[in-house]
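Structure, as structure tokens:
The values are calculated or read from the model by the stated rules, or taken from the named source; none is laboratory data. Nothing here was measured: the structure is a model prediction, and the numbers come from that model. Positions of Cβ are backbone-derived with ideal geometry, glycine not excepted, and every protein chain shown enters the neighbour counts.
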Amino acid sequence: MSNSYPTSTLDSALEIPANTLLSVRNLQTHFFSREGTVKAVDGVTFDVKQGEILGIAGESGCGKSVTSQSIMRILPKNAKIVGGEILYNHQGQFIDLTTVEPDGKMIRGIRGKEIAMIFQEPMTAFSPVHTIGNQIIETIRIHQPMSQEEARAKAIEMLYRVGMPNPGRNIDQYTFNLSGGMRQRAMVALALSCQPKLLIADEPTTAVDVTIQAQILRLLREIQADLGMAIIMITHDLGVIAELTDRVLIMYLGKEVEYGPVKNVFHHPRHPYTRGLLASIPKMVPGRIEIEPIEGSVPSPYAMPTGCKFHPRCRDFMRGVCEVSEPPLIPIAPGHEVSCYLYGGREERA
Amino acid sequence: MTAPTIPHGKAGSSNERVIISVRNLVKYFPIEAGFLRRQVGLVKAVDDVSFDLVEGETLALVGESGCGKTTTSRCVIQALKPTAGQVLFQMDGTPAVDLTQLDKKALKVARRNIRMIYQDPYSSLNPRMTLLQIIGEPLVINRAVKGRAELEERVAELLRMVRLDPGAMNRYPHAFSGGQRQRIAIARALSLSPKVVIADEAVSALDVSVQAQILNLLKELQKELGLTYLFVAHNLAVVKYEADRVAVMYAGKIVETAETEALYITPKHPYTEALLSAAPNPDPDTRNRPRIVLTGDVADAGNLPTGCAFHPRCQYAQDRCRQETPELVNVANAGEPAHLSACHFAKELELVGIVATVGEARNG
């Protein structure tokens with residue numbers, strides 16, 4: 001029965017390079033409520049190669065977390081994937097995760113084992129009434145045939161790996177015994193306990209202090225190099241993106257704005273939104289610094305602008321173009337795409 | 001008011017005036033346990049903190065969670081009663097008063113001149129009040145306006161000041177975005193034309209594009225109104241942009257204070273060096289820079305290490321640091337603005353600050 005993969009996706013799967021671990025294509029995840037429909041993710045496309053670190057960045061409401069919840073199939077009840085594909089390379093075969101049962105056997109075999117997740121708040125991952133060791137051991141034994149003793153040894157090894165000060169003792173502690181930084185490490189140990197191929201990190205350093213953030217980022221980098229897994233790093237902090245990722249996807253109001261190698265995007269940002277974001281952050285360099293805010297604020301999800309979602313705040317707004325239709329993704333350089341009429345796409349419109 | 005004994009940054013110029021002088025401020029919280037709530041220990045949240053706030057400047061208090069920066073700011077405005085110490089406040093042409101000694105009525109008067117802006121504009125604004133009520137409340141309570149017309153006029157002026165449409169004064173906060181709400185909170189703080197504004201993580205909860213708007217607004221308002229800011233923050237890049245002087249706090253004490261540029265380029269305390277090194281930089285070219293990654297967690301204010309509280313995490317720590325608590329002393333060269341450090345080896349260590357990056361031109 002585990003071979004009954006959905007076949008509808010195989011055609012598109014053929015074009016995917018073999019080293020691709022995850023290919024998200026035109027993903028649309030919408031929320032339905034009495035006030036209306038919120039298109040939280042509305043046509044997002046990206047790939048994650050084996051062993052690479054992809055960053056997804058954007059401000060609140062851009063859909064970066066909903067994207068990760070769609071991949072994990074852990075969306076809230078009022079949210080639904082209404083279109084697109086999430087092709088996951090499962091032992092050489094691509095499975096469309098949008099078509100599997102959200103609590104079925106297939107996704108449960110992948111979630112936690114092959115794709116693991118860490119969160120902003122470690123208490124979302126842990127139960128406060130069980131020891132961290134028991135929770136890690138349980139996860140290991142669900143996915144791998146191991147005895148209690150083997151799993152315990154493995155859990156201690158993972159705690160050691162993430163730099164817990166005293167793994168033999170920490171394993172029998174509860175989350176309330178641990179400091180914020182230690183909880184974060186324990187959560188990383190839990191996520192990595194089954195050697196996932198993909199780790200989704202959703203704002204893992206947002207709630208911790210800057211010195212702890214540096215520890216966690218270094219830990220992720222070391223473990224990524226050791227285990228060769230891929231990471232999707234979701235954050236609003238462009239500093240974290242610059243520190244850690246190979247490639248970056250910038251999102252705004254559920255749309256893909258710019259996508260490319262992190263050095264290209266940071267040194268030669270093309271989309272006015274990306275430029276605006278980078279110009280908004282004060283830099284830590286000597287001398288006087290200037291910052292240039294983006295005008296206005298993110299609109300309400302119930303009152304989405306027409307055309308390009310960024311046009312009401314854009315300083316390069318072109319009347320009669322930007323508010324009329326959505327710009328297509330335009331390739332700028334190898335692997336670097338931008339969704340903006342400044343770079344073409346106006347001809348095809350007519 | 002005795003002349004301040006602690007030198008402050010702009011020691012060179014003579015026409016500056018200290019508006020708030022915090023002297024040996026101490027705030028301890030008892031740790032209670034058991035049914036009888038017996039006191040079993042003390043959290044030394046703020047432990048002998050002194051600094052001067054010079055009229056018209058922005059002084060930033062930075063540090064990680066639990067360092068005492070917020071407690072310090074709350075003690076300045078007397079939202080928390082300090083355990084010991086003085087908070088001397090001096091308006092132009094009036095004698096200095098110690099805010100810790102004032103009775104309720106006198107404190108209320110003094111507080112017209114010291115206002116606060118909080119981190120979360122979603123919880124700091126009453127959702128059942130209109131902007132007119134929110135911004136006008138301090139004016140009404142302090143009888144600063146006569147009649148409805150004058151109130152509306154003043155609120156409209158305040159809304160224009162924070163770049164909001166005065167026509168919105170009868171609307172409720174839910175109609176506004178996070179950035180706009182923070183503007184409303186600023187308008188409320190400015191309603192009584194205060195001299196000093198304490199901004200406690202005032203931009204931390206905002207998205208970066210909006211954060212930049214509020215940072216610039218605060219700077220503009222300071223210029224227009226001659227405000228003095230005590231800027232409490234944890235984001236070092238934001239502080240670099242906003243502050244004239246910086247005081248770095250660790251475990252309830254100021255460990256270093258200097259003019260912003262000097263503190264960032266030539267830090268004189270190993271903790272400052274580590275903080276600067278740990279801050280993520282939005283430039284992928286600098287990711288392989290040598291970095292100091294501190295081990296362990298921030299010191300527990302309820303159970304402080306002996307000697308220098310930072311010594312268990314300090315890579316330069318020596319025996320002396322474990323035994324002797326360092327004093328905050330001026331380590332600047334003669335003739336230079338004051339640069340205070342609480343490190344036994346501040347003069348010997350060659351600490352690394354921020355450096356210019358080779359980053360290529362943007363938008364290239």
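Points worth noting:
- Look at the stretch B:108-123: where a residue is part of a helix (DSSP H, G or I) and a partner is at pLDDT 90 or above and surrounded by fewer than 16 Cβ atoms within 10 Å (Cβ to Cβ), sitting 6+ places away or on another chain with Cβ atoms under 8 Å, you get B:Lys108/B:Asn142.
- Hits in the stretch A:280-295 (condition: more than 7 Å from chain B (Cβ to nearest Cβ) and closer than 22 Å to A:Gly254 by Cα): A:Glu295
- Against the list (1) of a type in the set (D, E, K, R); (2) facing chain A (nearest Cβ under 8 Å); (3) not in a helix (DSSP H, G or I), the condition B:Glu261 fails is (3).
- Of residues in the stretch A:29-71 being of a type in the set (Ser, Thr, Tyr) and within 12 Å of the chain's Cα centre (by Cα), the one surrounded by the most Cβ atoms within 10 Å (Cβ to Cβ): A:Thr67
- The single condition from (1) outside any loop (DSSP other than H, G, I, E, B); (2) under 22 Å from B:Asp52 (Cα atoms) that B:Glu220 fails is (2).
- Search result, residues across the stretch A:220-247 that are closer than 10 Å to A:Ala201 by Cβ and within 11 Å of chain B (Cβ to nearest Cβ): A:Thr235, A:Val240, A:Leu244
- For A:His267, the test of being free of Cβ contacts under 8 Å to residues at least 12 places away in the same chain, at the interface with chain B (Cβ under 9 Å from one of its Cβ atoms) and at negative phi is passed.
- Exactly one residue out of B:Val246, B:Val239, B:Val208, B:Val203 is away from chain A (no Cβ under 12 Å) and either crowded, with 19+ Cβ neighbours inside 10 Å or modelled with pLDDT under 95 (or both): that is B:Val246.
- Verdict on B:Leu294 being touching a strand residue (DSSP E or B) at 6+ places or on another chain (Cβ under 7 Å) and either surrounded by 17 or more Cβ atoms within 10 Å (Cβ to Cβ) or modelled with pLDDT of 95 or more (or both): no
- Qualifying residue in the stretch A:319-339 (condition: under 14 Å from B:Ser209 (Cα atoms) and at pLDDT below 95): no
- Selection status of A:Ile250, in contact with a helix residue (DSSP H, G or I) (Cβ under 9 Å, 6 or more places away or on another chain), in contact (Cβ under 8 Å) with a residue 24 or more places away in the chain, more than 8 Å from every other protein chain (Cβ to nearest Cβ) and surrounded by fewer than 22 Cβ atoms within 10 Å (Cβ to Cβ): no
- Flag if B:Ala299 is buried (at least 23 other Cβ atoms within 10 Å of the Cβ), among the small types (Gly, Ala, Ser) and either away from chain A (no Cβ under 11 Å) or farther than 25 Å from B:Arg115 by Cβ (or both): no
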